[in-house]
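Read-outs throughout are calculated quantities, based only on the coordinates presented, and are distinct from any laboratory measurement. In this text, all values refer to a predicted model and were calculated from it rather than measured experimentally. Heads up, the Cβs are rebuilt from the backbone with ideal geometry, glycines too, and the neighbour counts pull from every protein chain shown.
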Amino acid sequence: MAKPAPATKPPSGVLDRALLVLACFSERHPRLHLRELAALSGLDKATLLRILATYVAHGYLRRQADGRYAPGPAPLRLAALYGATHDLIARLTPILQAVMERTGESAAFYERDGDDRLCLCRANAPRALRHQVETGERLPLSAGGAAAHVLLAGTGSPTPLAETLQHQGWLSTAGERDPGLASIALPVRDADGAFLGALVVSGPISRQSEQGSAEARAIAAALLREQGFQTAG
């Protein structure tokens, strides 16, 4: 497993610190030793042990035989409740999967949550060199990227690309949020025109072309319309 990146200064609130520990677990780091959690969270080991003991007792984490911690079964109940009350995931997931299969690049759907964009669902391309994002991952809108501009425009916030989006109905950026990343984003609206979020297709800049971008936009827009979504205001 790759060495965890150094953490920034941890929050001071008790609940914030507890949630920070859960956020350390990901597809890249599904099982973590205490020292790795300390490196990722920035928390001291004594504080971590208290938090981890509480999570283990309530089933949110489990301690394995080799001493590593991993997610427990308790979050499954919350995930099931979320899925039952948010059918947007069920509607969009097969669309993202089809977009990924037909373009060869990762596809994701973001909704706005305060000053962040939240990845509601995604389909990561099965390629060694790819852009990978995880469900539930948050990125600040201020960091930019095509999806961020679409979300800002769709929720009435200023963005320098608002006129471009209104004119062509989609946005593309290259190297704005990540120097090696290019992305194409389309606004997603429900049948009644209500803005839902942004569908984004993204991958390494080295693999992008004008023709490929046009094909990705057409594929994504057609699949969305087939499922009753709108892609324009």
*Per 10 Å bin from zero, what fraction in whole % of the C-alpha pairs of the range 14-75 is there, up to the bin with the longest pair?*
23, 65, 12
*Counting alpha carbon pairs within less than 8 Å and at least 6 residues apart, what relative contact order, in whole percent, applies to the chain?*
13 percent
*For a paramagnetic label modelled at 7 Å from the Cα of L78 toward its Cβ, which residues of the range 39-64 fall within the zone defined by backbone nitrogen distances under 16 Å?*
51-62
*Compute the projected area of the convex hull of the Cα atoms of the chain, averaged over all viewing directions, and report it in nm² to one decimal place.*
13.9 nm²
*At 7 Å along the Cα-to-beta-carbon direction for both D192 and R102, put a label point, then send me their distance in nm to one decimal.*
2.8 nm
*asked:* Roughly how far apart, in whole Å, are the Cα centres of the range 112-174 and the range 185-233?
replied: 11 Å
*log₁₀ of I(q)/I(0) at q = 0.15, 0.18, 0.26 Å⁻¹ - the range 51-106, Debye sum with one point per alpha carbon*: -0.67, -0.74, -0.91
_Need one number: nm distance between label points at T47 and V14, each 7 Å from Cα along Cα→Cβ, rounded to one decimal._
1.4 nm
_Nothing charged except the Cβ atoms of Lys and Arg (+1) and of Asp and Glu (-1): what's the magnitude of the dipole of the range 14-75 about its Cα centre? Round to the nearest 20 debye._
140 debye
_Distance cut-off 22 Å, percentage of C-alpha pairs in the range 107-182 lying past it_ = 21 percent
*asked:* For the range 14-75, what does the relative contact order come out to in percent, with C-alpha contacts under 8 Å and a separation of six or more?
replied: 30 percent
*Report the charge-dipole magnitude of the chain in Debye, nearest 20, computed about the Cα centre from +1 at each Lys and Arg Cβ and -1 at each Asp and Glu Cβ.*
960 debye
*asked:* Taking a virtual spin label 7 Å from the Cα of R35 along the C-beta vector, which residues in the range 46-78 bring their backbone nitrogen under 18 Å of it?
replied: 46-49, 64-70
